[in-house]
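> Got a structure here, written out as structure tokens. Questions coming.
The values are calculated or read from the model by the stated rules, or taken from the named source; none is laboratory data. What you see is a predicted model, and the numbers here were worked out from it, not measured in a lab. Don't worry about glycine lacking a Cβ; one is built from the backbone with ideal geometry, like all the others, and counts go over all protein chains shown.
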Amino acid sequence: MDEADAADLTQEQALTAALRRRHATLPAVGQCYSCAEPVADGARFCDADCRQDWERAERARRMNGRAE
């Protein structure tokens, strides 16, 4: 692994940590943030796939300067 790969990995890890913190602060609204299906009380996503889809989309928004 060269320095560029290490820098990319560090940036990816930082983004992932930021996303985890962000969805920990998302209010539970009774539906999945990814697919809008109803979820259990206090849940934000209906399953791990939707959580990962949301994280992937949020990561892309942040990388493109469109984060909220």
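> In the stretch 12-34, what residues are modelled with pLDDT of 70 or more, closer than 17 Å to Ala60 by Cβ and either surrounded by 11 or more Cβ atoms within 10 Å (Cβ to Cβ) or touching a Leu at 6+ places or on another chain (Cβ under 7 Å) (or both)?
Matches in the stretch 12-34: Glu12, Tyr33, Ser34.
> How do the pairs read when you match residues in the stretch 39-53 that are free of Cβ contacts under 8 Å to residues at least 24 places away in the same chain and at positive phi with residues anywhere that are in a loop (DSSP other than H, G, I, E, B) and surrounded by fewer than 18 Cβ atoms within 10 Å (Cβ to Cβ), using Cβ under 7 Å and keeping only pairs 6 or more apart or on different chains?
Matching pairs, first to second residue: Gly42/Ala28.
> Output the residues belonging to the stretch 44-57 that are under 14 Å from Gln31 (Cβ atoms) and surrounded by fewer than 16 Cβ atoms within 10 Å (Cβ to Cβ). Walk me through it before giving the result.
Filtering the stretch 44-57 down to residues under 14 Å from Gln31 (Cβ atoms) leaves 44-47, 50-51, 54.
Correct list: Asp47 only.
> Here's something else I'd like to know. Given the conditions (1) in contact with a Ser or Thr (Cβ under 6 Å, 6 or more places away or on another chain); (2) modelled with pLDDT of 95 or more, and given that Trp54 satisfies all but one, which numbered condition is not satisfied?
Every condition holds for Trp54 apart from (2).
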